[in-house]
Each structure stands twice: as C-alpha cells, then as structure tokens.
Amino acid sequence: MSPTLALLARELRLSLRSGGGAGLGLAFFLIVVLLVPFGVGPVPSLLAQIAPGTLWVAALLATLLSLDRLFQADFEDGTLDILTLSPMPLEGLVAIKAFAHWLTTGLPLIVAAPVLALTLNLPDPAFFWLVTSLAAGTPALNFLGAIGASLTVGIRRGGLLLSLLVLPLYIPTLIFGASAVSAAADGADPMPAFLLLAGITLFTLALTPFAAAAALRMHMR
Amino acid sequence: MSLNATDLTCYRSGRLIFSGLSFSLENGQATMLRGPNGVGKSTLLRVLAGVLEADGEVELNGTRLSGDRDAVQEQIAYAGHLDAIKPQLTVAENLTFWAGLFGGRIEDAVEQFSLAEIWDRPAHACSAGQKRRLGLARLMVSERPLWLLDEPTVSLDVETTARFAGIIAQHCAAGGMALIATHIDLGLANPQELLLHPLTEAQHAETADPFLSEDWT
C-alpha cells in the first residue's frame with residue numbers, strides 16, 4: 001500500500017469510528033437548517049429569499065464542528081511526531097488529512113443540501129447551482145480550516161480560538177457561494193460568482209499545505 | 001554510518017536544558033543515555049529526531065540536520081513516551097497503517113512482539129504493556145537504521161524486556177544504531193554509555209528569555 005493510500009484509509013476509518021465526528025457535522029447541518037423556518041416563520045417567499053445564505057452559513061458552521069480534532073488528536077497521542085519522520089513530506093500529509101476531512105464532512109453536506117433546500121422553498125433553477133457551488137466551495141472550508149487547526153494545535157480549548165481564526169477567512173467563500181445560488185434563484189447569471197468561488201478554492205488548495213505545514217513546524221520548536 | 005552531535009544547546013520556554021553537548025555514535029552500537037530525571041534525555045532524543053529545535057549541529061552519515069532535515073529524518077525511527085496508537089483502531093489496523101506509511105514488512109514485528117494473540121483487538125482494550133509492544137513493533141516495521149528510544153521498557157514484563165533487548169542487539173549487529181534513554185540495565189553485551197550531567201547553579205540561571213531574567217522576577 002502506498003503511503004498516501006495508507007494515510008487516507010486511516011483518516012477515513014478514524015472519522016467513521018466512534019468519536020470521529022463524520023456524522024456530527026451532517027446532523028448539525030440538518031438541525032440548524034430545519035430550525036430556521038421556526039425562527040423566521042413559515043412564509044414561503046421569505047424562506048426562498050434567505051435559503052441560499054442560510055444553507056451556506058449552516059455549511060460553514062457544520063465544517064467548523066470537527067475541525068479542532070484534525071491535528072489535535074494526532075498531537076496528543078504522539079502520532080504527529082512519528083508522522084513528521086515518515087517519508088511523506090508534511091505538506092502532503094496536511095493535504096491528505098484535509099482532503100479526508102472534506103470527504104467525511106464536506107461531501108455529506110453537498111448530498112443533504114438539496115433535500116434541506118426543499119424545506120426552505122428554494123426556487124427550482126437554483127438547485128443545480130446550490131449543489132455545484134457547495135461542491136466547488138466546501139473544499140476551501142476544510143482546507144482553510146486545516147490552517148486554523150494547525151495554528152491552534154496544542155492549545156487547550158483551541159477549538160474556540162480556531163473558530164475565531166477561521167470564520168473571518170470563510171467570508172469570501174460565503175459571499176460568492178451564496179450569491180451564485182441567489183443569482184440562479186433570481187434568474188440572473190450565476191457564473192461570475194461561481195468562477196470567483198472556484199478561484200478562491202483553487203487558491204486555498206494551493207496555499208494550505210504550505211501554510212499549515214509551516215504552522216505545525218513552528219509549533220514543534 | 002555515524003551520528004555526530006556538536007555543541008548542542010537547547011532552551012525550552014527560555015530555560016536552558018543542556019548546553020555544549022557533543023558526542024558521537026558509531027556503526028553497530030547501542031548507547032545507553034543516562035542521567036537523573038529532568039536532565040534533558042527526552043529533549044535530547046527529540047532534538048536528534050529533528051522534532052525540536054536546538055543550537056549546534058547534528059550530523060547523521062555526513063548529512064547535517066540543519067541542511068537537509070528530511071534526508072536525516074528518513075533514517076530515524078523514534079519511540080517516545082507516547083505510543084502513537086489510535087485507540088479506535090485495532091492492533092492490526094494500527095500496525096498496517098504504519099507499515100503502509102513507512103513501506104516496511106510486518107511479519108517479523110508481529111512475531112517478535114507476540115502481536116498475533118491481540119491482532120484483532122481494538123487498541124483501547126489493550127493493556128499498557130500490550131500497547132507498548134505495539135508501539136515498539138513500529139520500530140521494526142519502519143526499517144530505519146537509527147533508533148531513538150525514550151524509556152522503551154516502561155510497562156513491559158521481564159520476558160518481553162529481555163526479548164526487546166535481543167531485538168536491539170540484532171538491529172545493531174545488522175549495522176544499525178540505537179540511542180536508548182533508560183534507567184534499567186537492558187543486559188546488552190558491552191553497551192556504550194552517554195551520561196548527561198545536571199546543570200550547575202550558574203547555568204540554571206542562564207536564560208534566553210529576557211522576561212525570565214532576575215530583573216523581571
């Protein structure tokens with residue numbers, strides 16, 4: 001088995017076992033979105049208007065939920081030390097861990113989002129763009145989160161600090177993700193917002209491995 | 001192969017741990033790292049493994065740690081106080097993961113550390129000694145020439161300790177090296193000793209952090 005596959009298989013296995021938190025983010029996403037109609041009242045036109053933003057904000061929060069364990073668990077049981085000695089560069093390690101985190105927390109959100117959009121009365125033409133924008137945008141959430149998780153590794157109650165660090169970084173993804181869906185719902189062209197969203201994700205994917213690996217190295221000093 | 005450390009000085013949180021430490025290890029040698037508690041044995045091992053920063057130079061087979069950290073680290077297997085075991089995974093899953101990552105074979109390790117009997121057991125259901133056996137099995141799986149071991153025999157029974165000493169001897173006979181921080185006698189044939197001395201009073205006061213100097217406290 002290649003090192004990459006070995007690490008990916010382990011990450012997936014761990015997140016699906018008890019305490020892994022794969023189902024947690026999804027359940028949180030479902031509950032938050034289902035709570036919104038109770039809060040704002042069952043007015044279909046109002047719900048349709050706030051649906052894109054609500055779904056995107058809920059996706060951000062659901063991603064945050066399990067981020068704090070991304071490196072913290074490996075740090076606490078000594079695995080991180082051993083991983084730095086492995087033949088795989090730390091940058092590759094960060095990328096694989098963040099990718100596995102996306103597979104277990106981001107992907108389920110994309111699958112569940114259209115179902116939840118029904119409860120918020122999202123207009124029909126926006127469904128395709130909701131799924132597409134989440135597919136293009138959620139990897140950025142996991143990868144930006146990996147930077148935050150690497151900066152707060154070893155800090156007690158680092159999860160709270162992590163949220164404060166990472167949420168502001170999510171703003172561009174949120175703006176362009178939600179506005180692509182809104183544009184599609186209003187019959188406008190969603191492409192400009194979608195392309196910017198995809199651009200942010202690509203930039204994040206390229207930057208994160210180096211930034212997070214540098215933060216982890218700094219922490220070991 | 002050889003390991004040379006020159007003038008190592010390490011501060012942790014602004015406090016001096018050790019300074020001016022120089023030594024060298026030769027091919028096929030097991031070296032016992034000894035010294036009282038708190039003298040910096042664990043810190044030294046972590047510095048040599050490249051997971052902690054220190055002043056001075058570490059050279060493994062002529063490659064400098066400060067020059068090419070990856071090339072040095074790829075010759076090192078480190079076993080610290082923590083076993084690096086995931087309690088949610090079984091013994092088999094833990095070991096095959098390390099084997100997959102480091103690209104080694106697991107058969108010998110399973111036999112030498114008697115892991116077959118606990119092979120399918122979740123690691124959280126293993127005793128401390130069994131976890132330690134699994135943690136040490138990683139050394140054989142990773143197939144690295146230099147072993148850095150920090151109190152490897154903690155919670156091992158007498159029989160396993162003796163067998164582990166045999167494994168170290170075998171590793172060194174095959175041209176490997178081992179630096180072992182331990183307080184017990186492993187029973188190796190003529191091992192080298194590296195003794196760390198406690199700091200003097202004056203050194204204790206020495207600090208790299210201006211906020212810890214006397215004017216501030």
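The values are calculated or read from the model by the stated rules, or taken from the named source; none is laboratory data. What you see is a predicted model; the values in this text were computed from it and never measured. Note that each Cβ is placed from the backbone with ideal geometry, even for glycine, and that neighbours are counted across all protein chains shown.
Can you give me the ranges of the helices (runs of 4 or more DSSP H) entirely in region A:136-221 with at least 1 residues that are within 14 Å of another protein chain (Cβ to nearest Cβ) and either more than 13 Å from the chain's Cα centre (by Cα) or within 22 Å of residue A:49 (Cα to Cα) (or both)? Walk me through how you get there before you give the answer.
Numbers: elements: A:158-169, A:171-185, A:191-220.
So the answer is A:191-220.
What are the pairs with Cβ atoms under 6 angstrom where one residue, in region B:88-105, is on the phi < 0 side of the Ramachandran plot and among the small types (Gly, Ala, Ser) and the other, located anywhere, is modelled with pLDDT under 95 and in a helix (DSSP H, G or I)? Sequence gap at least six, or different chains.
Final answer for the pair search is B:99/B:141; B:100/A:6; B:104/B:141; B:104/B:142.
Of B:50, B:20, which residue is within 12 Å of chain A (Cβ to nearest Cβ) and at positive phi?
On the way: B:20 fails: within 12 Å of chain A (Cβ to nearest Cβ).
Only one candidate qualifies: B:50.
Can you tell me which residue among B:135, B:103 is at the interface with chain A (Cβ under 10 Å from one of its Cβ atoms) and modelled with pLDDT under 90?
Numbers: B:135 fails: modelled with pLDDT under 90.
Just one listed residue meets the conditions, B:103.
Which number in (1) within 14 Å of chain B (Cβ to nearest Cβ); (2) closer than 21 Å to residue B:87 by Cα; (3) touching a Leu at 6+ places or on another chain (Cβ under 9 Å); (4) surrounded by fewer than 23 Cβ atoms within 10 Å (Cβ to Cβ) marks the one condition that residue A:80 misses?
Condition (4) is where residue A:80 drops out.
Can you say whether residue A:85 is out of contact with any Asp or Glu (no Cβ under 7 Å at 6 or more places or on another chain), within 14 Å of another protein chain (Cβ to nearest Cβ), crowded, with 21+ Cβ neighbours inside 10 Å and at negative phi, as far as the supplied structure shows?
Numbers: out of contact with any Asp or Glu (no Cβ under 7 Å at 6 or more places or on another chain): yes; within 14 Å of another protein chain (Cβ to nearest Cβ): yes; crowded, with 21+ Cβ neighbours inside 10 Å: yes; at negative phi: yes.
So residue A:85 passes the test.
Does residue A:93 satisfy being within 23 Å of the chain's Cα centre (by Cα) and within 14 Å of chain B (Cβ to nearest Cβ)?
Working: within 23 Å of the chain's Cα centre (by Cα): yes; within 14 Å of chain B (Cβ to nearest Cβ): yes.
Judged against the criteria, residue A:93 is a match.
Mind checking which pairs have a first residue in region B:156-177 that is over 20 Å from residue B:60 (Cβ atoms) and a second that is crowded, with 19+ Cβ neighbours inside 10 Å and basic (Lys, Arg), Cβ under 9 Å, 6 or more apart or different chains?
Within 9 Å, the pairs are B:156/B:132; B:156/B:133; B:160/B:132; B:160/B:133; B:164/B:133.
How many residues are facing another protein chain (nearest Cβ under 7 Å) and surrounded by 14 or more Cβ atoms within 10 Å (Cβ to Cβ) when one looks only at region A:2-19?
So the count comes out to 7.
Hey, among B:84, B:79, which residue is under 11 Å from the mean Cα position of the chain (by Cα), among the small types (Gly, Ala, Ser) and within 10 Å of chain A (Cβ to nearest Cβ)? Spell out the reasoning first.
Details: B:84 fails: under 11 Å from the mean Cα position of the chain (by Cα).
Of B:84, B:79, the one residue that is under 11 Å from the mean Cα position of the chain (by Cα), among the small types (Gly, Ala, Ser) and within 10 Å of chain A (Cβ to nearest Cβ) is B:79.
So which of B:28, B:38 is more than 19 Å from residue B:168 (Cα to Cα), more than 14 Å from chain A (Cβ to nearest Cβ) and surrounded by fewer than 20 Cβ atoms within 10 Å (Cβ to Cβ)?
B:38
For (1) at pLDDT below 90; (2) of a type in the set (Val, Ile, Thr), each residue gets a yes or a no:
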{"position": "A:54", "(1), (2)": "no, yes"}
{"position": "A:59", "(1), (2)": "no, no"}
{"position": "A:64", "(1), (2)": "no, no"}
{"position": "A:68", "(1), (2)": "yes, no"}
{"position": "A:71", "(1), (2)": "no, no"}
{"position": "A:74", "(1), (2)": "no, no"}
{"position": "A:92", "(1), (2)": "no, no"}
{"position": "A:97", "(1), (2)": "no, no"}
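Applying the selection to region A:149-175, what residues are touching a Ser or Thr at 6+ places or on another chain (Cβ under 8 Å) and crowded, with 18+ Cβ neighbours inside 10 Å?
Filtering region A:149-175 down to residues touching a Ser or Thr at 6+ places or on another chain (Cβ under 8 Å) leaves A:158-159, A:161-162, A:165, A:173.
Matches in region A:149-175: A:158, A:159, A:162, A:173.
Restricting region B:11-41 to residues that are of a type in the set (Gly, Ala, Ser) and part of a loop (DSSP other than H, G, I, E, B), which is nearest to the chain's Cα centre (by Cα)? Full working, then the answer.
Kept after step one, since they are of a type in the set (Gly, Ala, Ser), are these residues of region B:11-41: B:13-14, B:19-20, B:22, B:24, B:28, B:30, B:35, B:38, B:40.
Subsequent filtering for residues that are part of a loop (DSSP other than H, G, I, E, B) retains B:13-14, B:28, B:35, B:38, B:40.
Values: B:13: 22, B:14: 24, B:28: 16, B:35: 15, B:38: 16, B:40: 13 Å.
Residue satisfying both the conditions and the ranking: B:40.
Which one of the conditions (1) out of contact with any helix residue (DSSP H, G or I) (no Cβ under 8 Å at 6 or more places or on another chain); (2) in a strand (DSSP E or B); (3) of a type in the set (A, V, I, L, M) does residue B:8 fail to meet, given that it meets all the rest?
It is condition (1) that residue B:8 fails.
Out of A:110, A:31, report the one residue that is surrounded by fewer than 16 Cβ atoms within 10 Å (Cβ to Cβ) and over 26 Å from residue B:106 (Cα atoms).
Values: A:110 fails: surrounded by fewer than 16 Cβ atoms within 10 Å (Cβ to Cβ).
Just one listed residue meets the conditions, A:31.
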